[in-house]
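Trainee: Would you mind keeping the following structure in view while I ask a few things?
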Amino acid sequence: MESIKFAVLPGDGIGPEVMTAALQVLQEAMASTGIQLDYQEADVGGIAIDTHGSALPKATLDLCGESDAILFGSVGGPKWENLPPKEQPERAALLPLRKHFSLFANLRPGLLFKELTPASPLKEERIPDGIDILCIRELTGGIYFGQPKETTTLPDGDIQALDTMVYRKSEIERITEVAIQAARSRGKRLCSVDKANVLETSVLWRQVVTDYITKNAPEIELSHLYVDNAAMQLVCDPNQFDVLFTENMFGDILSDEMAVICGSLGMLASASLGKSHNKHNKPFGLYEPAGGTAPDIAGKGIANPCAQVLSAALMLRFSFGLDAVAAQIEAAVKKTVTGGTRTGDIAFGSTAVGTEEMIAAIIKNL
Ligand code: IPM
Ligand code: MG
């Protein structure tokens with residue numbers, strides 16, 4: 001491998017500053033491998049609406065299509081909040097990107113280092129050793145994309161809105177396969193989350209998951225929870241879970257809950273993997289921090305770059321198979337924050353550093 005080719009979409013808010021930071025770390029970490037970084041930047045989200053009149057311009061989509069992975073920042077902000085919902089950056093950029101590249105598997109590692117437990121809203125006695133779980137969310141099906149999806153005025157003058165929750169067996173099987181692979185690389189325990197006491201899609205989900213795992217991965221310890229119970233269990237005892245996996249909307253909700261108990265959104269990375277393979281014979285993927293644009297602190301140089309850096313590490317691992325470099329970056333981030341160099345979101349009382357100092361420390365610890 002001589003180079004790795006990826007698209008860089010910094011987006012809005014803190015996106016550009018944490019992206020610059022993450023690229024510096026990538027550059028340093030890759031220097032010793034002799035593999036070049038071959039990337040180009042493109043606009044996405046609010047900035048793309050302002051400069052090109054579309055949250056996901058064709059040029060951006062083309063660039064992504066020519067690349068082997070996408071490193072994504074974040075999109076949206078107060079400036080675009082008054083646009084019609086369908087035109088807002090989140091819905092007009094992120095969802096079409098997911099659908100266009102069939103990014104059906106969203107992996108969100110919920111990691112809280114022991115040293116950072118005071119940053120979690122949970123009592124320390126519930127998480128004496130921190131948190132280490134993985135949430136896998138189906139990302140291109142369910143109620144987000146099901147048709148019909150519309151608002152109509154009824155003959156009696158009342159207004160009705162409709163979303164459709166729909167899943168196919170094949171969609172459930174392919175996300176189950178990803179969950180199995182992830183569980184095999186961790187504690188071999190999978191908890192599938194659904195609402196099979198109410199929803200047809202969940203009845204199918206539970207059936208397909210059970211059959212698939214019984215047949216293909218009998219060594220995996222499988223359990224099932226209803227989503228309301230799962231939400232409760234997650235705050236009571238997060239470490240009872242190894243890998244949690246669920247459909248699109250439940251995963252959206254549970255992964256935010258997981259993010260907050262892990263202390264700071266500024267620490268959480270994510271990978272959205274597609275069904276097509278790139279020229280390295282690895283899944284094409286989109287890698288983004290979980291935290292969003294944080295408009296309140298954008299441009300101040302104080303944003304936590306860790307989630308973006310860790311997302312870049314996930315890209316190296318999943319889309320380029322560069323596991324050792326990915327692990328090196330992850331270890332450097334861990335060493336930096338557990339050693340006490342922290343941005344404001346995870347400083348809890350101690351002196352906070354800015355984005356640049358944080359990056360300098362991570363690079364030093366590589
Ligand atoms: C996420 C976000 C998105 C989602 C929004 C921005 C459309 O909340 O990635 O979790 O709902 O999937
Ligand atoms: Mg969400």
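The values are calculated or read from the model by the stated rules, or taken from the named source; none is laboratory data. All of these numbers come straight from a predicted model, not from anything done at the bench. With ideal geometry, Cβ positions are generated from the backbone for all residues, glycine too; neighbour counts draw on all protein chains shown. All accessible areas refer to the heavy atoms of the entire protein, side chains included, with ligands and DNA or RNA removed. Shrake-Rupley method; radii C 1.70, N 1.55, O 1.52, S 1.80 Å.
Trainee: Do any helices (runs of 4 or more DSSP H) lying entirely in region 257-366 carry at least 1 residues that are at pLDDT 95 or above and not assigned by TED's automatic domain parsing to the domain that holds ALA105, and which ones are they?
Mentor: Details: elements: 306-320, 323-338, 355-364.
It comes to none.
Trainee: Within 16 Å of ligand 1 (Cβ to nearest atom) and touching a residue at least 40 places away in the same chain (Cβ under 8 Å): is that true of ASN248 in this structure?
Mentor: yes
Trainee: Let me ask something additional. Scan region 57-72 and tell me whether some residue there is assigned by TED's automatic domain parsing to the domain that holds GLY285, closer than 18 Å to ASN304 by Cα and open to solvent by less than 50 Å² (accessible area, probe 1.4 Å).
Mentor: Scanning region 57-72, I find at least one residue that is assigned by TED's automatic domain parsing to the domain that holds GLY285, closer than 18 Å to ASN304 by Cα and open to solvent by less than 50 Å² (accessible area, probe 1.4 Å), so the answer is yes.
Trainee: Separate question: Of all residues in region 170-196, which are of a type outside the set (Gly, Ala, Ser) and either modelled with pLDDT under 95 or open to solvent by less than 30 Å² (accessible area, probe 1.4 Å) (or both)?
Mentor: Result: ILE172, ILE175, THR176, ILE180, LEU190, CYS191, VAL193, ASP194.
Trainee: Sticking with this one: Tell me, yes or no, whether region 228-243 has at least one residue that is open to solvent by 50 Å² or more (accessible area, probe 1.4 Å) and among the aromatic types (Phe, Trp, Tyr).
Mentor: Scanning region 228-243 turns up no residue that is open to solvent by 50 Å² or more (accessible area, probe 1.4 Å) and among the aromatic types (Phe, Trp, Tyr).
Each row is one residue, and each column tells you yes or no for (1) over 22 Å from LEU26 (Cα atoms); (2) more than 16 Å from ligand 2 (Cβ to nearest atom).
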| position | (1), (2) |
| --- | --- |
| VAL243 | yes, yes |
| MET249 | yes, no |
| SER270 | no, no |
| ASN278 | no, yes |
| ALA290 | no, no |
| ASP296 | yes, yes |
| LYS300 | yes, yes |
| ALA303 | no, yes |
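Trainee: With the requirement that a residue be surrounded by fewer than 20 Cβ atoms within 10 Å (Cβ to Cβ) and among the aliphatic types (A, V, I, L, M), what does region 334-352 give you?
Mentor: Taking region 334-352 and keeping what is surrounded by fewer than 20 Cβ atoms within 10 Å (Cβ to Cβ), we get 334-335, 338-340, 344, 347-352.
Residues satisfying the conditions are ALA347, ALA352.
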